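The values are calculated or read from the model by the stated rules, or taken from the named source; none is laboratory data. None of these values were measured; they are calculated from a predicted model. All Cβ positions, glycine included, derive from the backbone under ideal geometry; neighbour counts span all protein chains shown. These area figures cover heavy atoms from the full protein model, side chains too; ligands, DNA and RNA do not enter into them. Shrake-Rupley method; radii C 1.70, N 1.55, O 1.52, S 1.80 Å.
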Amino acid sequence: MANVVVVGAQWGDEGKGKIVDWLSERADVICRFQGGHNAGHTLVIDRAVFKLHALPSGVVRGGKLSVIGNGVVLDPWNLLQEIDTITGQGVEITPETLMIAENTPLILPFHGELDRAREEAASTGTKIGTTGRGIGPCYEDKVGRRAIRVADLADDATLEARVDRALQHHDPLRKGLGVEPIDRAALIAQLKEIAPSILKYAGPVWKVLNEKRKAGNRILFEGAQGALLDIDFGTYPFVTSSNVIAGQAATGVGIGPGAIDYVLGIVKAYTTRVGEGPFPTELDDADGQRLGERGHEFGTTTGRKRRCGWFDACLVRQTCATSGVNGISLTKLDVLDGFETLKICVGYDLDGQRLDYLPTAADQQARCTPIYEEMPGWSESTEGARSWADLPANAIKYVKRVEELIECPVALLSTSPEREDTILVTDPFAD
Ligand code: IMP
């Protein structure tokens, strides 16, 4: 397969970083196509830990082109800081190894302020639990046709006109929230200051990718967040502000949908969620506590404790369908070691009626209670397993049952954060 899309098939934090890193070794180009620095990917390479937010995971591998596509919203200050940190860890980042789409909207300081002010003003039940990074407000400006995009940094007059257009919208909004107006001169000065450092990476991503594709290069599309946070197909309104599902890979960089050969869904062997919103299999008991502790379930970006629960096969079947997932990478199986009994959600009870999918209406989602199937656990350790023979029989049964219920095969099985601790069934890049 030439081009592979990796998507999170739950609420994010499925362990995409390790798999993307593993696949990026086989790819020539690695692209981010949605989201922003709300994402957090941790890569462990030779025991060195790299924490990435806006940069594609490919940057830590030499000889690859990493791309930030137009579907992303980019905080330029945060990006430059991240480049500094990663460079400080001995990784070289140059215009030859990093390219930013010229039509990428910029996250500006007032986007983050608006995000946080709204969350503070929200009453219980309407808080989204955003990362506070300004992701939503920036996407709103993009759709409202008042965003400042990377290309606008190249010309002072255009930049100033764009800033004025944005302020026309934002100042009245801020007044309503009791926040002082934006300092126009300071903002323009800040943008002009960073313009050369950003522009040196800017280019027509759509063109370069289409040329790379024709030349037979392998392209890896690195999704952030998870399909249940998708703006259309997630648990709306408790979602992020971009399309997260695999189809976004095409519009988020400017290639045709036919260029996508394989979609790999990343699926954690249980479920977690950060932020607010429905979570039918959430556990408020000792089992949930144990999943969180064993799985080190704290957000990479915000450090927030993740909510934990049993595996929800209904939701994953749903996200495999909306993203056209060809195979999954099942991660963190080892976190389930030692549970006497495991539960898998196979349906929901909604007011006495059985459903095999999560309904769209938020009030119905909140009323859905999970219908569980129980499976015996295993006492042996699966951590670091590198072949099926290393796995206890009950762990294999669990994996096989997951495959049946989600109607999608396992392509990879990850048994620790180390990249070698992976059981490979199907290589998504193999022809
Ligand atoms: P936003 O993307 O910051 O607007 O946050 C919207 C929702 O998406 C919140 O529930 C966040 O916790 C969640 N979210 C955003 N990025 C991630 C991520 O990378 N992993 C998990 N949850 C995320």
Could you list all residues from region 300-310 that are within 16 Å of the ligand (Cβ to nearest atom) and either over 23 Å from V5 (Cα atoms) or crowded, with 21+ Cβ neighbours inside 10 Å (or both)? T302, G303, R304, K305, R306, R307, C308, G309
Does region 373-384 contain any residue that is crowded, with 16+ Cβ neighbours inside 10 Å, β-branched (V, I, T) and part of a loop (DSSP other than H, G, I, E, B)? yes
Quick one: how many residues across region 311-333 are open to solvent by 10 Å² or more (accessible area, probe 1.4 Å) and either of a type in the set (V, I, T) or part of a loop (DSSP other than H, G, I, E, B) (or both)? 5
Kindly provide the set of residues from region 129-143 that are in contact with a helix residue (DSSP H, G or I) (Cβ under 7 Å, 6 or more places away or on another chain) and farther than 19 Å from L191 by Cα, ordered by number. T130, G132, G136
Within region 116-123, can one find any residue that is in contact with a strand residue (DSSP E or B) (Cβ under 9 Å, 6 or more places away or on another chain) and away from the ligand (no atom under 12 Å from the Cβ)? no
Check region 344-359 and report whether any residue there is more than 30 Å from V425 (Cα to Cα), part of a helix (DSSP H, G or I) and under 29 Å from the mean Cα position of the chain (by Cα). no
Taking region 16-46 as the region of interest, how many residues are without any contact (Cβ under 8 Å) to a residue 60 or more places away in the chain and either touching a strand residue (DSSP E or B) at 6+ places or on another chain (Cβ under 7 Å) or within 24 Å of C138 (Cα to Cα) (or both)? 2
Exactly one of (1) in contact (Cβ under 8 Å) with a residue 60 or more places away in the chain; (2) at positive phi is unmet by H296. Its number? (1)
When region 18-40 is checked residue by residue, the ones that are within 12 Å of the chain's Cα centre (by Cα) and surrounded by 24 or more Cβ atoms within 10 Å (Cβ to Cβ) are V20, R32, F33, Q34, G35, G36, H37, N38, A39
Filter region 249-259 down to the residues that are out of contact with any Phe, Trp or Tyr (no Cβ under 6 Å at 6 or more places or on another chain) and either in a helix (DSSP H, G or I) or among the polar types (S, T, N, Q) (or both), then identify the one that is nearest to the ligand (Cβ to nearest atom). T251
Scan region 62-80 for residues that are under 20 Å from the mean Cα position of the chain (by Cα) and not aliphatic (A, V, I, L, M) and jot them down. S66, G69, N70, G71, D75, P76, N78
Given region 1-87, what strands (runs of 3 or more DSSP E) lie entirely inside it while holding 1 or more residues that are of a type in the set (F, W, Y)? 48-52
If you go through region 273-298 one residue at a time, how many are out of contact with any helix residue (DSSP H, G or I) (no Cβ under 6 Å at 6 or more places or on another chain) and either in a loop (DSSP other than H, G, I, E, B) or surrounded by fewer than 16 Cβ atoms within 10 Å (Cβ to Cβ) (or both)? 16
For region 1-17, give me the residue count where each residue is open to solvent by 10 Å² or more (accessible area, probe 1.4 Å) and farther than 24 Å from I255 by Cβ. 2
Does R367 satisfy the criteria of being without any contact (Cβ under 8 Å) to a residue 24 or more places away in the chain and over 30 Å from E25 (Cα atoms)? yes
Taking I100 as the residue in question, decide whether it is out of contact with any Cys (no Cβ under 8 Å at 6 or more places or on another chain), open to solvent by less than 30 Å² (accessible area, probe 1.4 Å) and not in a helix (DSSP H, G or I). yes
Conditions (1) surrounded by 15 or more Cβ atoms within 10 Å (Cβ to Cβ); (2) over 29 Å from the mean Cα position of the chain (by Cα); (3) touching a residue at least 24 places away in the same chain (Cβ under 8 Å); number of the one not met by L405: (2)
Would you tally the residues in region 130-151 being near the ligand (Cβ under 7 Å from one of its atoms) and either open to solvent by 20 Å² or more (accessible area, probe 1.4 Å) or over 16 Å from the mean Cα position of the chain (by Cα) (or both)? 3
Of the listed residues (N210, N217), the one being in the same structural domain as D13 (by TED's automatic domain parsing), open to solvent by 40 Å² or more (accessible area, probe 1.4 Å), among the polar types (S, T, N, Q) and away from the ligand (no atom under 16 Å from the Cβ) is N210
